[in-house]
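Below: the structure, in structure tokens.
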Amino acid sequence: MNNNKEHIYSLLEQVCDPEIPVLTILDLGIVRDVICADDQEIEIIITPTYSGCPAMDAIAFDIKLKMLENGFNKVKITYTLNPAWTTDWMTESGKSKLKSYGIAPPQNVSSRINKIMFNEEQNIECPLCHSIHTKLLSEFGSTACKSLYQCNDCKEPFDYFKCH
Amino acid sequence: MNKSSNQLIDYTIYLGDCALILGQRNAEWCAHGPILEQDIAITNITLDLIGQSRNFYQYAAQLINAVENKNATEDSLAYLRMERDFKNLLICELPNGDWAQTVLRQFFFSTFQQLLFEKLKDSPDEHLSAIAVKSIKEINYHIKWSGEWVIRLGDGTEESHNRMISAVNNLWMYTGEFFIAADYENSDLILLKNKWLDKVKDIFDEATLTVPENVFMQTGGKTGNHTEYLGFVLSEMQSLQRTYPGAEW
């Protein structure tokens, strides 16, 4: 049975986030559990990054497809909100993949989110030239999980996967 | 929180309606924001709000179906209810006005939502508690973003300052409703009022704005008595489901 669970995890490792395709759903930490029942039915429990994450339906579909391709016909996807997703669950390999893709990975732990007005996360490393001389352009970026920074040295704007 | 199931359904729908209607209003800014980054910011906030409303509606639908043997879904709650069935706060349905009014409303609402959800977090109802915990993380960004804008405009140019004063005058009378409990709410809601005022005063001080006093407070949204604006919001939002019932995409 354990082998089976490991096998399913190895398949999930092949399912990528539709918006950031270099990351697998395991890298993101959105797979919370896999439950293998005796009758070959498997339940995969996932959690959204943000409440309004529009990728959840696509992710659930991709998981089902991947399982079907590998002979698992009875797959149930369950959504959970508790505990709430955090960037602390992102794997180290996920962070380095993000960086080489041109997105700065979360640099701090989520408990250190700065709530003070006009204070921003400092010293976010530019994924292109690696300078830490960067500034926040907007707290909100191309997707809910990212904010927009600009490098003061190479001048290139870049996405930062914000701590959450 | 020991509520009867009807009260729990109404309360859950109220929370969903506030998020949905404000989200729908903010979405009107899509492609009309003052600059691209801020257009993206307000629509990101919209996405969070609509996500929150979906979570509340999914739970409400589950509760409704358990007691009434109906076939409620998150979509039927959003798209097939009439104006008088909506319980959102009046402030959520008001027209956007200018950027000053939009950001001030977001600041008032998010500050209230944060205080409310900090209490909801400790609710024995594990669904509501989980939605609250999840949402608070998003609301923190909304408060920071909108609060910064209130300061930037209030303490900005003469023009931006005057616009912020108009926004305060237009919106203040709709903030009393936050703290007046409907019969599906706990009466200790009033205890949040001073905490909310303190936060607003902090930001208003920095923004060189004054908190109005002795203003008549309009209520009604929580019990379905809305302004004339909600009907227009719904007719646009619901038109597709009303025209093509059951349409999916």
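Could you tell me which residue out of B:Thr208, B:Ala181, B:His127 lies farthest along the dipole of chain B toward its positive end? Charges go on the beta carbon: Lys and Arg +1, Asp and Glu -1, centred on the Cα centre. Of the options given, the answer is B:His127. Within chain A, the cysteines lacking any other cysteine Cβ closer than 4.7 Å to their own Cβ are A:Cys16, A:Cys36, A:Cys53, A:Cys145, A:Cys163. On the principal axes of its alpha-carbon atoms, the range A:89-161 has extents of 31, 31, 20 Å, going from largest to smallest. Relative to one another, the C-alpha centroids of the range B:77-131 and the range A:29-55 are positioned 28 Å apart. The Cα atoms of the protein assembly as shown define a convex hull whose projected area, averaged across directions, is 21.9 nm². Relative to the dominant Cα principal axis of chain A, helix A:56-69 is inclined by about 40°.
Remark: the range B:117-249 is approximated by an ellipsoid whose semi-axes, taken from the C-alpha gyration tensor as √(5λ), come to 29, 23, 18 Å, largest first. Among B:Thr12, B:Thr227, B:Thr102, the largest mean-square fluctuation in a Gaussian network model of chain B, built with springs joining Cα atoms closer than 10 Å, belongs to B:Thr227. Under 8 Å for C-alpha pairs, at least 6 residues apart: give me the relative contact order for the range B:1-94, rounded to a whole percent. It comes to 38 percent, rounded to a whole number.
Applying a DSSP loop filter and a limit of 16 other Cβ atoms within 10 Å to the GluC sites (Glu not before Pro) in the range B:1-104 leaves B:Glu28.
Mean residue ellipticity at 222 nm, helices only, the protein assembly as shown: -15500 deg cm²/dmol; runs of at least 4 DSSP H residues each add -39,500 (n - 2.57), and the sum is divided by the number of residues. Entry note, chain A: relative contact order of 18 percent, from Cα contacts under 8 Å with a spacing of 6+ residues. Under 5 Å from the amide H of A:Ser131 lie the amide H atoms of A:Cys126, each residue being 5 or more positions distant or on a separate chain, with H modelled from the backbone and absent for Pro and chain starts.
A simple rule links phi to the HN-Hα coupling: the Karplus curve 6.51 cos²θ - 1.76 cosθ + 1.60 with θ = phi - 60°, which for the range B:84-94 gives 5, 7, 7, 10, 5, 4, 4, 4, 5, 8, 4 Hz, with x for Gly and Pro. Here the mean projected area of the convex hull built on the C-alpha positions of chain B is 13.4 nm². What you get for the range B:131-248, charging only the Cβ of Lys and Arg (+1) and of Asp and Glu (-1), is a dipole of about 260 debye around the Cα centre.
What FRET efficiency, computed as 1/(1 + (r/R0)^6) with R0 = 45 Å and r the Cβ-Cβ distance, is obtained for B:Asn194 and A:Glu41, rounded to the nearest 0.05? FRET efficiency, B:Asn194 to A:Glu41: 0.30. Put +1 on the Cβ of each Lys and Arg and -1 on the Cβ of each Asp and Glu in chain B; which of B:Gly246, B:Leu36, B:Ile151 then has its Cα farthest toward the positive end of the dipole? After comparing all options, I get B:Gly246. Sorting B:Tyr244, A:Tyr101 by the number of Cβ atoms found within 10 Å of their own Cβ, with the fewest placed first, yields B:Tyr244, A:Tyr101. Give the Debye-formula value of log10 I(q)/I(0) at each listed q (0.19, 0.20, 0.22, 0.24 Å⁻¹), with one equal scatterer per alpha carbon of the range A:2-85, two decimals each. One equal scatterer on each Cα of the range A:2-85 leads to -0.80, -0.88, -1.07, -1.27.
Rounded to the nearest 0.05, the FRET efficiency derived from the C-beta distance between B:Asn214 and B:Arg242 at R0 = 56 Å is 0.85.
Computed over the range A:89-161, relative contact order equals 26 percent, with contacts defined as Cα pairs under 8 Å that lie 6+ residues apart.
Readers should treat all values here as calculations from the given coordinates under stated rules, not as data from a laboratory. Given the structure is predicted, the values throughout are model-derived calculations rather than measurements. Cβ atoms come from the backbone with ideal geometry, glycine included; neighbour counts cover every protein chain shown.
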